[in-house]
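Inspection log for the structure reproduced underneath, given as structure tokens.
The values are calculated or read from the model by the stated rules, or taken from the named source; none is laboratory data. Everything numeric in this text was worked out from a predicted model, so none of it was measured. In this analysis, Cβ positions are derived from the backbone assuming ideal geometry, glycine residues included, and neighbour counts consider all displayed protein chains. These accessible areas exclude ligands, DNA and RNA; they are computed on the full protein's heavy atoms, side chains included. Shrake-Rupley method; radii C 1.70, N 1.55, O 1.52, S 1.80 Å.
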Amino acid sequence: MLRSSALSLALGYVALGIIALVLFAAPLWYAWQVTIQDGRTEILQLDAQRLTEVFRREGAQGMRTFIDARVRMQIASERILLLTDASLHPLSGNLPAWPSNVPTVPGNYKVKIELGDHGMQTALVHVTTLGGYNLLVGRDNALFAPLQTRFWYGLAAAIAVLSIAGLMIGLITRRALLTRIDSIRQTVSAIIHGDLQHRLPTHLNDDELNTLSRTINGMLEQIELLVHGVRNVSNSIAHDLRTPLAELRSRLEELALIRPPSEQTFAEIDGAVADVDRVIRIFDALLRLAEIDAGLRRSGFVALDVADLAANAVEFYAPAAELKNIDLAFRSDGPVCVSGDPVLLAQALSNLIDNALKYAPVNGSIEVAVFKRGDGTAEVSVSDDGPGIAESEKSKVVERFYRGDASRGTPGVGLGLSLAQAVAKLHGSALELSDSKPGLRVAIILPFDALGTVALAAPPQEAAAGDVIISATLASS
């Protein structure tokens with residue numbers, strides 16, 4: 001319990017409260033002492049002045065008579081009065097002798113005085129010399145002792161109430177926190193044992209713990225999504241690698257058993273190499289996705305003309321489109337300068353055109369368009385008139401290894417749109433999938449280059465470099 005943060009915090013507040021009380025009481029006590037002391041001194045000086053006036057008017061005998069009358073009239077020990085001769089022999093007053101601890105030098109003194117039946121009293125006295133006589137006037141300090149006692153009792157009671165209240169609040173807060181923390185512990189324990197759908201309970205009030213619970217629930221949802229994603233990717237990788245590896249083993253096993261002629265053997269070896277290349281392409285795509293997700297390719301961002309890049313891609317795919325009698329067209333408003341990685345953008349654009357060629361019907365059409373939007377961005381889109389994608393699958397096709405029902409009989413491993421989505425995300429965007437009625441339209445939104453929105457026409461050597469980028473990208477995929 002002593003290590004409880006809630007109790008420690010409450011005790012800390014109690015300590016601060018006690019310090020505040022002390023800091024508040026100390027000036028009051030000082031002011032009280034100064035005020036009372038000054039008041040007592042002033043009263044003693046006034047008494048001494050009155051007695052001095054009586055001495056001047058009526059002499060020593062008159063003062064003796066006046067002091068005796070005052071002693072008889074006053075409350076016992078209210079005042080301390082004593083008149084002595086030069087040898088300190090008492091002449092009048094309520095003290096039997098001159099106190100040994102009171103000097104005869106005029107001034108104010110705070111001393112202990114034995115006053116008859118009242119015992120030792122702490123008194124403030126004023127001594128005055130009148131010719132050959134000595135006058136002592138004093139007041140008992142016990143008059144204000146009850147007030148001082150009440151002050152200390154009040155301060156002690158305030159400290160006690162503050163301490164008890166702080167301790168009770170600390171215990172109640174600790175109990176409430178332990179209840180909330182226990183629910184968090186149970187949730188975490190359930191997640192540790194594999195129940196990823198478990199969530200922390202939340203309340204309508206927006207206190208600190210409720211905000212923390214909502215934040216943790218959001219983190220748990222993301223963790224669950226990532227875990228399921230890893231499982232799905234692992235299952236997809238195992239499924240997609242099993243087919244080429246099984247084909248490769250079958251080819252090699254057949255070669256080992258029947259030992260065909262050289263021509264057939266080399267043909268089977270070529271098929272085995274193709275299977276190995278397919279496995280390598282899968283791992284290359286995964287490595288590129290991992291590199292993009294880590295943001296390591298941002299160092300390759302340069303100013304480039306995305307319209308020129310798209311034109312080179314269309315030119316590269318034109319022969320493949322002619323083989324299927326597909327009209328592959330390119331449309332642009334002119335040079336569009338953006339900031340990005342030319343290799344990754346070429347890869348993403350190549351994947352989009354390749355997908356369009358796969359699903360576009362014979363004698364169909366594909367349009368690649370690059371133009372500026374009114375919001376200060378550039379749009380690169382690929383549209384086809386194929387079967388398109390159902391609305392329920394548009395959010396799934398960008399997942400890795402996902403293949404819809406329409407793509408079951410087509411080559412590929414389901415990483416094309418995933419890679420394009422990763423490239424778009426790296427450039428601060430996302431793939432926009434929409435219906436082109438018929439077919440599918442996929443667009444990537446890119447920000448303009450900070451140095452300018454219009455790029456100069458690329459010289460011949462730069463255009464050739466763009467062709468090399470497209471060719472190298474396709475070769476690696």
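Extension gain for the segment F283 to E208, taken as residue separation times 0.36 nm less the Cα-Cα distance, is 22.5 nm to one decimal. At full extension, T243 and T52 could sit 56.2 nm farther apart than now, given 0.36 nm per residue minus the alpha carbon distance. Accessible surface of L252, taken over heavy atoms with a 1.4 Å probe and every protein chain present, rounds to 90 Å². Placing pseudo-labels 7 Å out from each Cα toward the beta carbon at A60 and Q33 gives an inter-label distance of 4.1 nm.
In region 343-393, what GluC sites (Glu not before Pro) fall in a loop by DSSP, with at most 15 other Cβ atoms inside 10 Å?
Numbers: sites: E367, E379, E391, E393; in loops: none.
Loop-located and lightly packed - none at all.
A Förster radius of 51 Å, combined with the Cβ-Cβ distance separating N217 from E263, puts the computed FRET efficiency at roughly 0.20.
Between M73 and I159, the C-beta separation translates, for a Förster distance of 56 Å, into a calculated FRET efficiency of about 0.80. With a simple spin-label model that places each label point 7 Å from the Cα along the Cα-to-Cβ direction, the separation between D85 and V273 comes to 14.5 nm.
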